[in-house]
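The values are calculated or read from the model by the stated rules, or taken from the named source; none is laboratory data. Keep in mind that what you see is a predicted model, and the values were worked out from it rather than measured. All Cβ positions, glycine included, derive from the backbone under ideal geometry; neighbour counts span all protein chains shown.
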Amino acid sequence: MNIPAHAPLHLLHTAAVGTLATHARQPEGFPYPSMLPFAPDPQHRPTILVSRLAEHTHNLHADPRAGFLAVDAPDGDVLSGQRVTLLGNFEPVDSTPEVVRRYLRYHPDAERYLVLGDFTFWAMRLERLRYIGGFGAMGWLDGADLDPLPPLGFDEENALIEEFSRASGGDRTLELLGADRYGADLKRAGARERFAFDDAKLDFQTLHAALEVCIQRHRN
């Protein structure tokens, strides 16, 4: 069944926690699942922050192939909710100021782990994914089909965030965590929300206009 790529894309921006399944070293070959927070990178790939001492980190060093499950079931009914299973390879990501800054917007409590010095970022290079949006709404996608457009640059995203902060009039209950060509990730009164655009925004001007609409709707 064909599914729209924007459905799993938005889900990856809605969920804050996922299940990582690595290949266990002992006993060898068994799936080793663990739950951990993640943030979508500019290409919507799950970015995780893991300790070098963690079992799943050792597993990834030995075999980077992994599965990753994200779920959105706000009423607790998982079978009726949305979920996406990602298959691919996790790769280490340099802890550049841009990567750190973006991750901490989504997970500010992670700053205490970065101070320890033994935590590193990894991002998933997608091969395939399977999305289930409820009974009868499911299908496979190639990783490259998730988003064929060039990602938004860090400088462009930061400019939008600064503009959003000014336009919201200093409202601290409404924060823009991240923006991309398909939507905006918000934190409203401490809760994370995804504001989906009506269509893909291909340039900075249309992105800016879409965020203005976002602010107006959340003020009402």
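Scan PHE121, PHE135 and give me the residue that is under 15 Å from the mean Cα position of the chain (by Cα) and in contact (Cβ under 8 Å) with a residue 12 or more places away in the chain.
Being under 15 Å from the mean Cα position of the chain (by Cα) and in contact (Cβ under 8 Å) with a residue 12 or more places away in the chain holds for just one of PHE121, PHE135, which is PHE121.
Can you tell me which residues in the range 198-214 are touching a helix residue (DSSP H, G or I) at 6+ places or on another chain (Cβ under 7 Å) and outside any helix (DSSP H, G or I)?
Across the range 198-214, the qualifying residue is only LYS201.
What is the residue count in the range 70-91 for residues that are under 14 Å from ALA123 (Cα atoms) and surrounded by 14 or more Cβ atoms within 10 Å (Cβ to Cβ)?
Residues flagged as under 14 Å from ALA123 (Cα atoms) and surrounded by 14 or more Cβ atoms within 10 Å (Cβ to Cβ) within the range 70-91 amount to 5.
A quick yes/no check of all residues on (1) over 18 Å from the mean Cα position of the chain (by Cα); (2) closer than 20 Å to ASP72 by Cβ; (3) loosely packed, with under 12 Cβ neighbours inside 10 Å:
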position	(1), (2), (3)
ASP94	no, no, yes
GLU98	no, no, no
PRO108	no, no, yes
LEU129	no, yes, no
TRP140	yes, yes, no
PRO148	no, no, yes
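Could you tell me whether ARG217 is part of a loop (DSSP other than H, G, I, E, B) and either in contact with a Ser or Thr (Cβ under 9 Å, 6 or more places away or on another chain) or at pLDDT below 95 (or both)?
No: the conditions fail for ARG217.
Among the residues of the range 160-169, is there at least one that is closer than 28 Å to ASP203 by Cα and touching a Ser or Thr at 6+ places or on another chain (Cβ under 6 Å)?
Of all residues in the range 160-169, those closer than 28 Å to ASP203 by Cα come to 160-169.
Next cut, touching a Ser or Thr at 6+ places or on another chain (Cβ under 6 Å) only: none.
Taking every residue of the range 160-169 in turn, none turns out to be closer than 28 Å to ASP203 by Cα and touching a Ser or Thr at 6+ places or on another chain (Cβ under 6 Å).
Please return the ranges of strands (runs of 3 or more DSSP E) entirely within the range 133-197 where 3 or more residues are under 13 Å from HIS44 (Cα atoms) and either at pLDDT 90 or above or aromatic (Phe, Trp, Tyr) (or both).
Result: 183-188.
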